[in-house]
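This report refers to the structure that appears directly beneath it.
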Amino acid sequence: MSTAGTWSAPGRVNLIGDHTDYNGGFALPFALPQRTTVTATRREDRTVVARSVGQEEPVEFEVPGSAGAVTGWGAYVAGVAWALAEAGIEVPGAELAIESDVPLGAGLSSSHSLECSVGLALTGLAGVDIDRTELARIVQRAENEYAGSPTGLLDQMAILHSREHHLSFFDARALTVEPVACDPGADGLELLVIDSNAPHELVDGAYAARRTACEAAAARLGVETLREVDDVDAALEALADDPETQRRARHVLTENQRVLDAVALVRAGRLPEIGTLLTQSHVSMRDDFENSVPTVDLIVEKAVEAGALGARMTGGGFGGSVIALVPAERRSAVERAVTTSALGAGYAGPSYLAVEPSPGAGRDV
Ligand code: GLA
């Protein structure tokens, strides 16, 4: 047991494989260099006081609390404490000082990086050496039942299992993460995150609606999740009388295959060739899953026109960020072209982060 310590957890970007996790499918995220850091001190009572740089008011609550009792950003802290207690962990009172450089609202999992760092800090103070996948599930419960977002396990598994210089090949049915070595610099490439700065609208409702559509498709096909589909063509044929459900399922079914293809290419040392898969994935989200927005479509189009090998929206969608695979010497041309087009179309100017696969969550001090 520690009476004090510092723990941190990264944001994540998903290279490919979105809206596959809650369908038992595949994804290929990696951890960002940007992190949320929690410096925690154990208290003798059962009160948690959390202060976050950039938030005026501290959040204070008693553990274990009850689902939904704390709202706003504090729900991510209180939700994790509640879910840990529900899992039988004796959560102590604590002072938590939180700092983060993960961009907020950019689809880079700032809230999951907060939740995972708080989860590690509270279990560390409790003296519990928790299994990472179990913690991922506990954090998912906090998201689903406390904060009320019906999200899957992609973000937590990426944040908790990622390794530096590796992508994380996530199988959401087996609940495994395999590290896949990835060194874009060796091919003269950069991984460029482009935050659209587009306002997120109706994110939770739209995400939930997509999830429901996928479950409806699986039910019609008589399988538990879309991952169980073996014959993609036959499945899509069987859904032909409901074009919208068919499109949603087609995204998920083809996206799973694109992840497998991307993993095979990266493992074979053929990283540049995944560019085409990234752009195909974007088109699938834009046209079949319909979770993109015009600002993001424009960014993807202009990035590719200006020399990116491929680009796609990343994460839940409906705004947020694009991940582009860019030859290093084309990076400034890509940034110029994207900014000029976005501003010219009357959108916000995007922000850029060149990122490398970074370490997952852990104890710092
Ligand atoms: C959000 C959710 C994840 C996942 C992605 C889409 O980030 O938190 O569980 O569903 O959207 O791939």
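Ranked by the mean number of other Cβ atoms within 10 Å of their residues, highest first, the peptides 8-15, 82-89, 167-174 fall in the order 8-15, 167-174, 82-89. Length gained on full extension, ASP230 to THR254, computed as 0.36 nm times the residue gap minus the Cα-Cα distance: 7.5 nm.
Here the Karplus curve 6.51 cos²θ - 1.76 cosθ + 1.60, taken at θ = phi - 60°, turns the phi angles of the stretch 26-39 into couplings of 10, 8, 9, x, 8, 7, 7, x, 6, 9, 9, 10, 10, 9 Hz, with x standing for Gly and Pro. Taking 0.36 nm per residue of separation and subtracting the Cα-Cα distance, full extension of the segment from THR3 to GLU90 would add 29.9 nm.
For the chain, the Kirkwood hydrodynamic radius comes to 20.8 Å, computed from all pairs of different C-alpha atoms. Residues whose amide H lies under 5 Å from that of SER52, counting only those 5 or more places away or on a different chain, are ILE98; hydrogens are built 1.01 Å from N in the peptide plane. Calculated translational diffusion coefficient of the stretch 182-355 (37 °C, 0.692 mPa s; Stokes-Einstein with Kirkwood radius over alpha-carbon pairs) equals 193 µm²/s.
3J(HN,Hα) along the stretch 266-278, derived from phi through the Karplus expression 6.51 cos²θ - 1.76 cosθ + 1.60 where θ = phi - 60°, amounts to 4, 5, 8, x, 10, 3, x, 6, 6, x, 4, 5, 4 Hz, with x in place of Gly and Pro. What the Cβ-Cβ distance of VAL365 and GLU305 gives, at R0 = 51 Å and to the nearest 0.05, is a FRET efficiency of 0.65. Charging the Cβ of each Asp and Glu at -1 and of each Lys and Arg at +1, and nothing else, the dipole of the stretch 1-128 about its Cα centre rounds to 280 debye. Ranked by the mean number of other Cβ atoms within 10 Å of their residues, highest first, the peptides 68-80, 235-247, 102-114 fall in the order 102-114, 68-80, 235-247. If only the Cβ of Lys and Arg carry +1 and only the Cβ of Asp and Glu carry -1, the dipole of the chain around its Cα centre is close to 480 debye. Taking 0.36 nm per residue of sequence separation and removing the Cα-Cα distance, the ALA181/ASP45 pair yields an extension gain of 44.5 nm.
Residues whose amide H comes within less than 5 Å of that of HIS165, counting only those at least five positions distant or on another chain, are SER358 (H built at 1.01 Å from N in the peptide plane). Couplings for the stretch 338-349, taken from phi via the Karplus curve 6.51 cos²θ - 1.76 cosθ + 1.60 with θ = phi - 60°, read 5, 4, 4, 5, 5, 5, x, 8, x, 8, 5, x Hz in order; Gly and Pro are left as x. Most fluctuating residue of GLU335, GLU134, GLU290 in a GNM of the chain with Cα springs under 10 Å: which is it? Evaluated over the chain, the most mobile residue of the options is GLU134. The charge dipole of the stretch 182-355, taken about its Cα centre with unit charges on the Cβ atoms of Lys, Arg (+1), Asp and Glu (-1) only, comes to about 480 debye. Amide H contacts of LEU189: ALA328, each under 5 Å away and 5 or more positions distant or on a separate chain (H built 1.01 Å from N in the peptide plane; Pro and chain starts excluded).
Values in this text are rule-based calculations from the coordinates and carry no lab data. Please read these numbers as outputs of a predicted model, since none were measured by experiment. All Cβ positions, even for glycine, are placed from backbone atoms using ideal geometry, and neighbour counts span all protein chains on display.
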